[in-house]
Amino acid sequence: MPICKLCKQEKPLIKKSHIIPDFLHKELYDQNHRIKKFNAKGFKLGLTRISKPPTGEYEGGLLCKECDGEVLGKYETYLGKILSKSDMPKEQKPICRKIRNENGVEFLEIRNVDYKLLKLGLLTILWRSDISTRKTFQEVKLGPYEEKIRKQLIEDNPSNDNDIEIAVMSWRNDKKMATDVIGQPRLHKKNGKTYYSIIINGYIVLYFISENSIDKNFKSFRLKEDNTLSIVNLPRGYGMEFLLNYTGAIESKE
Ligand SMILES: [Zn+2]
C-alpha cells in the first residue's frame, strides 16, 4: 500500500488531487471552460494568455482521501469563502478599509480574518506545489521546510506570525491589468535569502520561508496573529513593471 504524503500512513491514495484549489480556477474559466494561464515570460511580451490547458492541474498518488478533502480541504474552504466574500456569517466576515500611508503606499487593511485558517490555507497551496511532480510547480522545492509545513498542516498549527511570514500584494484595482491569470509558483533569491511567490486572480502571495527573510518593506503588511492582513495595492499603471521586476520575469530562463 502506498504512503500518503500528509499523514504518512499506508492508505489508498486518490487518483486526482488538485494543486491549486478549484475555486481559484472558477474566475479563470473562459467561455469554453478552459483555464487561462500565463507564464511570466509571456506576460513580459504582452501575451497574457499564452496557453490554455484544458483543466486545472491535477495529480494522483499523493494523498489519501481524508488528508486531501478534510484536513487540507477545511483550510481551502476558508480561502474560498474569504475570496468570494459570501457564504459567511456576519461575525466571520473580513472587514476591509482602504488606507494610504504617509509614503503614499495604498493598501487594503483587512481585519477579522482567521489567522490560523488563512495561514494554513495559503501554506496548503505552497505545500501541494512542493509535493507535486508537475512541471508547473517545479520551482517549489521546500527541502527541510516540506516536513515542517507538513506537521503544521496536520497538527492544525499555524505557528506564530514571525515563523514563515506571508504577505499579499494586489493589482486588482488597476483596471488595465487582467485579474484572471494564474502564474506558476516562482522561487526567488535576494541577498542570500529565499522566498516564493504565487500569482492568483490578481493577487501575488509571497512566502518568506526561512527566518528573517522577509523584505523589511513588507514587515508591517504581512498576515498577523491579531487576525489582520494588509494587502498592498500596486500603484495604478505601474503594476506590470513592478510585477515583472518583482517576480523576476526579466531573468526568465525559458
Ligand atoms: Zn493521509
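Here are the numbers for this structure:
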{"quantity": "Fully extended contour minus Cα-Cα distance, from K116 to N157, at 0.36 nm per residue", "calculated": "14.0 nm"}
{"quantity": "Segment K190-E211, extension gain: residue separation times 0.36 nm, minus the distance between their alpha carbons", "calculated": "6.2 nm"}
{"quantity": "Entries of K81/K119; K8/K148; K65/K116; K116/K148; K190/K219; K141/K219 with Cα pairs more than 18 Å apart", "calculated": "K65/K116; K141/K219"}
{"quantity": "Label-point separation in nm, E10 to K219, each point 7 Å along Cα→Cβ", "calculated": "5.1 nm"}
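Computed from the coordinates by the stated procedures, all read-outs in this text should not be read as laboratory data. Nothing here was measured: the structure is a model prediction, and the numbers come from that model. Positions of Cβ are backbone-derived with ideal geometry, glycine not excepted, and every protein chain shown enters the neighbour counts.
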